[in-house]
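I have placed the structure first, in the form of C-alpha cells, so that the comments after it can refer back to it.
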Amino acid sequence: MHAITIPEPGGPEALVWAEVPDPEPGPGEVVVDVRASAVNRADLLQRQGHYPPPPGAPAYPGLECSGVGRRGRPGR
C-alpha cells in the first residue's frame with residue numbers, strides 16, 4: 001500500500017508518499033481501504049515532531065479517514 005510518511009519532522013516538505021507494508025489487523029480490528037482523508041491539528045503536530053502516534057497506531061498521519069472495510073480478525 002502507499003501512505004504519506006514523515007521520515008523526519010519538519011514543514012510540508014517532510015511529507016513523503018511511499019510504499020509501506022500492508023497492515024495486519026489485530027483481534028477485533030479491520031483494515032480500511034481509505035477513499036478520503038482529512039488533515040487535523042494532531043496531523044500537523046505529528047509532522048512537526050510534537051505529537052507521537054497513539055500506542056499501537058501506525059506512524060503515518062491521517063487520524064481521520066473514510067473508506068471501505070475489507071478484512072478483519074474476529075474478536076476474542
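The values are calculated or read from the model by the stated rules, or taken from the named source; none is laboratory data. None of these values were measured; they are calculated from a predicted model. Note: ideal-geometry Cβ built from the backbone for every residue, glycine included; neighbour counts use all protein chains shown. These area figures cover heavy atoms from the full protein model, side chains too; ligands, DNA and RNA do not enter into them. Shrake-Rupley method; radii C 1.70, N 1.55, O 1.52, S 1.80 Å.
Table for the structure above
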item	result
Accessible carbon and sulfur surface of the chain relative to its total accessible area, %, 1.4 Å	56
In Hz, Karplus ³J(HN,Hα) per residue of region 21-37 (6.51, -1.76, 1.60; θ = phi - 60°; x = Gly, Pro)	x, 4, x, 10, x, x, x, x, 10, 10, 9, 10, 7, 6, 10, 8, 9
Spatial extent of the chain: Rg and Dmax, with the Cα atoms as the point set, Å	13.3, 42
Simple label model, 7 Å out from Cα along Cβ direction - S37 to A18, nm	1.3
Dipole magnitude of the chain about its Cα centre (Cβ charges: Lys, Arg +1; Asp, Glu -1), debye to nearest 20	320
³J(HN,Hα), Karplus 6.51/-1.76/1.60, whole Hz, each residue of region 3-19, x for Gly, Pro	8, 7, 10, 10, x, 8, x, x, x, x, 5, 6, 7, 10, 6, 9, 7
